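Please read the structure below before turning to the comments.
Please treat every number below as a calculation from the coordinates, not as lab data. These numbers were taken from a predicted model, which means no experiment stands behind them. FYI the Cβ positions are ideal-geometry reconstructions off the backbone, even for glycines, and counts take in every protein chain you see.
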Amino acid sequence: DGGITQSPKYLFRKEGQNVTLSCEQNLNHDAMYWYRQDPGQGLRLIYYSQIVNDFQKGDIAEGYSVSREKKESFPLTVTSAQKNPTAFYLCASSIDGRVDTEAFFGQGTRLTVV
Amino acid sequence: AQSVSQHNHHVILSEAASLELGCNYSYGGTVNLFWYVQYPGQHLQLLLKYFSGDPLVKGIKGFEAEFIKSKFSFNLRKPSVQWSDTAEYFCAVNAWGSQGNLIFGKGTKLSVKP
């Protein structure tokens with residue numbers, strides 16, 4: 001089945017530790033995105049990548065980092081600099097970065113920092 | 001900056017009631033508009049989209065939305081809701097010139113009483 005796979009589904013980390021969230025897609029999409037979802041806040045864009053080896057900051061990139069070494073993979077690292085990392089993280093992809101394409105979402109990773 | 005406003009945070013309806021969820025966006029240029037739905041425990045999925053043409057668009061599960069350009073609105077409607085429509089609904093906008101990034105509203109939680 002084609003789709004977007006995020007792993008793990010639940011993740012617990014101690015405060016001060018970096019943690020990397022995985023996102024893999026087999027849809028052959030060029031563009032990939034990371035969103036953060038908080039209750040009552042909707043989805044806010046962290047980073048996006050329209051092509052391999054290129055990525056751009058979104059609205060709330062501080063404390064996060066990404067890489068895009070392969071078309072199908074777009075891992076997100078939540079660093080210790082992120083002040084409030086506990087959240088639900090959603091990865092998405094679209095055929096390309098044009099505005100008239102729809103985004104497909106993974107099932108999300110719920111990160112809890114204790 | 002573009003923004004999306006969803007007027008209702010939580011809507012509670014009885015089965016068979018009619019539904020209208022409001023969505024307004026702030027952007028003066030050409031936009032593409034989306035409604036996504038997140039059922040409990042499931043990933044975000046596309047309900048319907050507007051790119052161009054007929055401003056009344058029909059989506060899955062009997063949902064429809066009307067784009068009113070003069071009001072910057074894209075309200076979601078369903079004539080008769082079912083218990084299975086209980087979910088969180090997100091309006092999103094993709095504005096030409098925004099590099100293809102979806103801007104989401106904060107979401108409306110719909111609870112349908114059987």
(request) Kindly provide the set of residues from segment B:21-44 that are surrounded by 14 or more Cβ atoms within 10 Å (Cβ to Cβ) and assigned to a strand (DSSP E or B), ordered by number. (result) B:Leu21, B:Cys23, B:Asn24, B:Tyr25, B:Val31, B:Asn32, B:Leu33, B:Phe34, B:Trp35, B:Tyr36, B:Val37, B:Gln38
(message) Can you report the number of residues in segment A:31-44 which are in contact with a strand residue (DSSP E or B) (Cβ under 6 Å, 6 or more places away or on another chain) and either within 15 Å of B:Asn101 (Cβ to Cβ) or part of a loop (DSSP other than H, G, I, E, B) (or both)?
(response) 9
(message) Against the condition within 11 Å of the chain's Cα centre (by Cα) and within 14 Å of chain B (Cβ to nearest Cβ), how does A:Arg110 come out, does it pass?
(response) no
(message) When you check B:Lys109 against the structure, is it touching a residue at least 60 places away in the same chain (Cβ under 8 Å), within 18 Å of B:Ala17 (Cα to Cα) and basic (Lys, Arg), yes or no?
(response) yes
(request) May I ask you to say which residue of A:Ile46, A:Ile51 is loosely packed, with under 14 Cβ neighbours inside 10 Å and within 14 Å of chain B (Cβ to nearest Cβ)? (result) A:Ile51
(request) For A:Thr101, state whether it is β-branched (Val, Ile, Thr) and in a loop (DSSP other than H, G, I, E, B). (result) yes
(message) Just to be sure I understand the filter: pairs with C-beta atoms under 8 Å, separated by 6 or more residues or on different chains, first member in segment A:79-92 and free of Cβ contacts under 8 Å to residues at least 24 places away in the same chain, second member surrounded by 15 or more Cβ atoms within 10 Å (Cβ to Cβ). Which pairs pass?
(response) A:Ala81/A:Gly63; A:Gln82/A:Gly63; A:Gln82/A:Tyr64; A:Lys83/A:Gly63
